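Q: Have a look at the structure that comes next, please.
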Amino acid sequence: MQRMEGWSLDAQRAGLTKYAKDKGWKVVGVYADEGKTARKRLKDRREIFHLLEDVQAGEIDVILFKELDRWFRNVSDFYKVQDVLDEYGVEWVSERQPSLEMRTKEGRLAVNVQLSVGQNEADCVSERIRYTNKYLREQHRWNSGPANLPFCYTLDDEQHVIINPEQEE
């Protein structure tokens, strides 16, 4: 779904590269924590640290991302990074939310609201996933889809893992 709607990493990269080119900006790096949600703790997002190293080395003027919730969904970690950006005079731009900014009190309020909503949304989804997975485990049902089954296994009508009779031998 992310690929079809333009949210895959490749689609984001292509769109952001075009945006930067249209603005006349030089792209000095792409920092993508592939497979990591923006809600992950900062210490688990290695590319953020590479980005900050380049910020501190004076190689970056502006950081461009698709949307705020692709950048951060954790209020406290956002401000840890924002402190470094402020110290080095680096701004950021959200391609899909160009009105979001940190220069005015109104802009900071809008960012705080967006971050809080994003963090809450991610936490709620995570809680629902944990609950569903717990329920499926208790029912001895498979929850990772048929493509992730070990070789020679299949699912019955109730999503229980069984030996595939066609591959049993």
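Q: Binning every alpha carbon pair distance of the range 35-132 at 10 Å from zero, what are the percents per bin?
A: Here the calculated profile for the range 35-132 is 15, 48, 29, 7, 1.
Q: With the other protein chains left in place, how much accessible area per residue, in square angstrom, belongs to the chain at a 1.4 angstrom probe?
A: Solvent-accessible surface per residue comes out at 70 Å².
Q: Please list, by residue number, every one of the chymotrypsin sites (Phe, Trp or Tyr not before Pro) in the range 65-125 that is coil in DSSP and has at most 16 other beta-carbon atoms within 10 Å.
A: Those satisfying the criteria are Tyr88.
Q: How big is the chain along each principal axis, measuring the range of its Cα positions in Å and listing the largest first?
A: Cα extents, longest axis first: 64, 30, 27 Å.
Q: Enter the angle in degrees (range 0 to 90, nearest 10) between the Cα long axis of helix 46-56 and the first principal axis of the Cα atoms of the chain, meaning the one along which they spread out most.
A: It works out to around 10 degrees.
Q: State to the nearest 20 debye the size of the charge dipole of the range 77-165 about its Cα centre, where the only charges are +1 on K and R beta carbons and -1 on D and E beta carbons. Write out the running numbers ahead of the final one.
A: Numbers: 10 positive and 15 negative charges, 37 e Å.
In debye, rounded to 20, the range 77-165 gives about 180.
Q: Give me the mean projected area, in nm² to one decimal, of the convex hull enclosing the Cα positions of the range 115-168. Write down the numbers at each step before the final one.
A: Details: hull surface 18.5 nm².
Its average projected convex-hull area is 4.6 nm².
Q: Normalise the Debye intensity by I(0) for the range 80-169, one equal point scatterer per Cα, no solvent, then take log10 at q = 0.15 Å⁻¹ and round to two decimals.
A: -0.72
Q: What is the projected area of the convex hull of the Cα atoms of the range 93-144, averaged over all directions, in nm²?
A: Mean orientational projected area (the range 93-144, Cα hull): 4.7 nm².
Q: When the Kirkwood radius is taken over all Cα pairs of the range 58-105, what Stokes-Einstein diffusion coefficient follows at 25 °C and 0.890 mPa s, in µm²/s?
A: The Stokes-Einstein estimate is 218 µm²/s.
Q: Still on this structure, I have one more. Which loop chymotrypsin sites (Phe, Trp or Tyr not before Pro) in the range 107-169, with loop taken from DSSP, have no more than 15 other Cβ atoms within 10 angstrom of their Cβ?
A: Here the sparse-neighbourhood loop sites are Phe151.
The values are calculated or read from the model by the stated rules, or taken from the named source; none is laboratory data. These numbers were taken from a predicted model, which means no experiment stands behind them. FYI the Cβ positions are ideal-geometry reconstructions off the backbone, even for glycines, and counts take in every protein chain you see. To get the accessible areas, we keep the full protein, side chains included, count just its heavy atoms, and leave off ligands, DNA and RNA. Shrake-Rupley method; radii C 1.70, N 1.55, O 1.52, S 1.80 Å.
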